[in-house]
Amino acid sequence: MIGAFLSRSNEHRQWLRNEKLKAYQKFVETFGGAPLTNGLTIIGHDDREAAEVVAAYEEMYRVCLNVQFVAPVAIAEEMNKTTKALGDLQGWINDLPKAMYQQYMSGDLTAKEAKAANEAMTADIQAQLQSKLADFASDSIGRVDVAADLMRKDLRI
């Protein structure tokens, strides 16, 4: 009976280590590909490229959530910070066009004024997005480094 208990305990420990390793590898693959910085060059290009960036950020969010299920508390807390930052970024991006529209397109505008306001608004949105993504990228790189170090320690690599 003791042998069966120890065997089961060892099997569970090995299974958990393998699951952590898969989750950690996916994390490194996802964040190592750096849509963090690629997003900066895609802004202002076609909708397909923008959709790819959005999909990459959504994948980063999912990967962080998956790591939280198998990781110890310290790593889960780092992943939670990253998912919160991704959520905040997404919320900010979702709210930006509405805020910009209210700022630039309010009032009675002639067609010429509306065209000029639209061009100014588009340029302002692109500039703010680039700035926000740059800030997110630099913050995320630090969080990824911390998380990767904790993951190595967890796996004793």
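Could you list all residues from the range 135-157 that are farther than 16 Å from Lys81 by Cα and open to solvent by 40 Å² or more (accessible area, probe 1.4 Å)?
The initial filter retains those residues of the range 135-157 that are farther than 16 Å from Lys81 by Cα, namely 152-157.
Result: Arg152, Lys153, Arg156, Ile157.
Taking first residues from the range 132-152 that are more than 19 Å from Leu21 (Cβ to Cβ) and assigned to a helix (DSSP H, G or I) and partners that are at pLDDT below 85 and open to solvent by 60 Å² or more (accessible area, probe 1.4 Å), the Cβ contacts under 6 Å between residues at least 6 apart in sequence or on separate chains come to Ala137/Thr37. Could you tell me whether Ala74 is closer than 30 Å to Leu155 by Cα, modelled with pLDDT of 85 or more and in contact with a Leu (Cβ under 6 Å, 6 or more places away or on another chain)? Taking the combined requirement at face value, the residue satisfies it. In the range 3-16, the residues that are in contact (Cβ under 8 Å) with a residue 24 or more places away in the chain reach residues that are of a type outside the set (D, E, K, R) with C-beta atoms within less than 9 angstrom, at least six apart or across chains, in these pairs: Leu16/Val70.
The values are calculated or read from the model by the stated rules, or taken from the named source; none is laboratory data. From a predicted model like this one, the values you see are computed outputs, not experimental measurements. Virtual Cβ from ideal backbone geometry, glycine too; neighbours counted across all protein chains shown. Accessible surface is based on the protein model in full, side chains and every heavy atom, while ligands, DNA and RNA are left aside. Shrake-Rupley method; radii C 1.70, N 1.55, O 1.52, S 1.80 Å.
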